[in-house]
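Trainee: Quick one: structure below, then a few questions.
Computed from the coordinates by the stated procedures, all read-outs in this text should not be read as laboratory data. Remember, predicted model here, so these are calculated numbers, not experimental data. No Cβ is skipped: glycine too gets one built from the backbone with ideal geometry, and neighbour counts run over all protein chains shown.
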Amino acid sequence: MWLRPAASAVLAAALCFPARAQLPPAVSAAAPRPAVFTLDDALARIDASHPDLRLFGQRRDALAAELDRAGQRPALVAGASLENAFGSGDLRMLRGAELSLTLASVFERGGKLDARRALAQGRIDALALERESRRLDLLAEAARRYLAIAVAQRRIELAQLDIAQRKRSVAAARQRLIAGASPESGLLTAQAAQARAELDRGRSEQALLAARQHLAALWGERDPGFAQVAGDPYALPKIADADALAALLERTPELTRFVDARRIGEARLRLAQSQASADLDWQAGVRRLQDGGDLALLGGVSFALGARGRAEPEIRGARAELASVETEREIQGLALYSTLVEAHGRYRVAALEVGRLQEDVLPRLKRAEDAAEYAYRAGAIGYLELALLQAESVAARKQRLDAALEAQLALIEIQRLTGESFVVADATPTGAAP
């Protein structure tokens with residue numbers, strides 16, 4: 001899941017986007033028509049240019065330098081000393097002076113070198129998982145913003161549908177006014193309803209523009225460079241039960257990062273324990289006696305006393321931090337499970353609402369709307385009855401779109417948590433109506 005192709009596929013599947021999608025007439029009239037912008041295009045741009053992801057590369061270079069530094073052994077120290085010189089009496093002429101040349105260093109005990117390397121390497125490994133976690137969050141955010149564009153396009157389609165039926169009502173009201181079958185107020189009311197529908201379309205077009213800019217801002221562009229996206233918000237795949245999905249939570253970075261956190265904690269504990277073994281400071285060299293020109297070897301070893309007692313507080317602290325890792329993992333696991341269950345419930349409720357509106361409500365409203373238009377033209381009903389039915393039809397379509405949006409947002413969160421991609425072929429039937 002946490003490799004690039006898999007993560008991208010999961011988020012793309014969350015929106016169930018086909019290869020191409022048609023623009024609403026109001027948007028497609030803008031020239032020229034660009035190529036359809038896909039979710040994969042958005043994810044690729046984020047991978048290539050988002051500064052959050054570039055920052056991890058710089059941080060890794062810094063940690064790699066720390067690893068090199070941790071792998072260095074204690075330095076060799078070369079020294080020279082002159083004793084018994086420039087004194088009084090015979091020492092005034094350097095006859096009794098002693099010149100010593102030495103080489104010194106520290107012999108590390110307790111596995112300090114390996115402990116430092118393990119700690120530095122653990123930080124590098126944890127950084128890789130942190131980057132992937134941040135990257136997945138960015139991809140999920142891109143999917144949400146992409147979905148906002150697809151929904152805005154559908155809202156324009158709904159507004160176009162509403163305008164079309166309001167125009168028919170205006171034409172019928174004008175005919176009845178000319179025939180003297182209804183007052184002028186009926187025509188004016190129909191024209192006002194058409195104006196409100198056109199207002200809804202204008203608002204949706206502005207929302208589409210804002211959503212496009214919001215998506216492009218993820219990779220630092222002020223001009224989106226695209227006018228349409230592919231996607232069917234109504235395509236809702238079947239998902240498993242919450243308990244089955246909860247078993248997949250172990251794959252989420254929020255939990256897998258605790259594996260690296262435990263390794264880092266263990267390495268820090270080993271490093272603290274190694275401080276209990278005092279290092280040996282050694283020195284070796286040669287001494288020349290100026291008076292007779294004789295040479296002699298010299299050497300020495302020293303170590304600090306009480307190293308174990310001084311290391312004990314750090315050891316206790318490292319053990320406490322290591323013990324807290326498992327507790328933090330348990331807390332995070334409960335929070336993730338709660339989030340998953342909540343998102344799963346929202347998805348099931350919203351998907352049920354989309355399906356029932358599509359299968360039961362909208363077909364009946366469509367038949368009722370057609371019958372009401374015919375009856376209005378025939379003078380069997382008044383305009384208010386027709387207007388109420390048309391408003392109810394548009395409201396039901398908007399309700400279905402809002403429910404589809406809620407379901408898609410919940411689906412993105414579920415797939416971000418579990419890394420499970422769902423089969424689009426099992427999607428809830430939605431028909432061709434907007």
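Trainee: Give just the number: which of (1) surrounded by 20 or more Cβ atoms within 10 Å (Cβ to Cβ); (2) under 33 Å from the mean Cα position of the chain (by Cα); (3) hydroxyl-bearing (Ser, Thr, Tyr); (4) part of a helix (DSSP H, G or I) does Ser169 not satisfy?
Mentor: It is condition (2) that Ser169 fails.
Trainee: Could you please find all residues in the stretch 155-178 being in contact with a Ser or Thr (Cβ under 9 Å, 6 or more places away or on another chain), basic (Lys, Arg) and closer than 20 Å to Glu205 by Cα?
Mentor: Listed by number, the list holds a single entry, Arg155.
Trainee: Considering Arg201, Arg176, which residue is of a type outside the set (S, T, N, Q), in contact with an Asp or Glu (Cβ under 9 Å, 6 or more places away or on another chain), in contact (Cβ under 8 Å) with a residue 12 or more places away in the chain and assigned to a helix (DSSP H, G or I)?
Mentor: Arg201
Trainee: Please tell me if Ala227 is surrounded by fewer than 15 Cβ atoms within 10 Å (Cβ to Cβ) and either out of contact with any helix residue (DSSP H, G or I) (no Cβ under 6 Å at 6 or more places or on another chain) or among the aromatic types (Phe, Trp, Tyr) (or both).
Mentor: The answer is no for Ala227.
Trainee: Separate question: Would you check if Asp294 is of a type outside the set (A, V, I, L, M), closer than 30 Å to Asp241 by Cα and over 37 Å from the mean Cα position of the chain (by Cα)?
Mentor: It is false that Asp294 is of a type outside the set (A, V, I, L, M), closer than 30 Å to Asp241 by Cα and over 37 Å from the mean Cα position of the chain (by Cα).
Trainee: Taking only the stretch 209-238 into account, find how many residues are closer than 16 Å to Leu39 by Cα and either assigned to a helix (DSSP H, G or I) or polar (S, T, N, Q) (or both).
Mentor: Summing the residues that are closer than 16 Å to Leu39 by Cα and either assigned to a helix (DSSP H, G or I) or polar (S, T, N, Q) (or both) in the stretch 209-238 gives 10.
Trainee: Out of (1) under 19 Å from Ala304 (Cα atoms); (2) part of a helix (DSSP H, G or I); (3) in contact (Cβ under 8 Å) with a residue 60 or more places away in the chain; (4) of a type in the set (Gly, Ala, Ser), the odd one out for Ser277 is which?
Mentor: Condition (2) is where Ser277 drops out.
Trainee: Please go through the stretch 392-404 and pick out each residue that is of a type in the set (A, V, I, L, M, F, W, C), surrounded by fewer than 21 Cβ atoms within 10 Å (Cβ to Cβ) and in contact (Cβ under 8 Å) with a residue 12 or more places away in the chain.
Mentor: Listed by number, the residues that qualify are Val394, Ala396, Leu401.
Trainee: Ala181 is checked against (1) surrounded by fewer than 18 Cβ atoms within 10 Å (Cβ to Cβ); (2) part of a helix (DSSP H, G or I) and fails just one. What number does that condition carry?
Mentor: (2)
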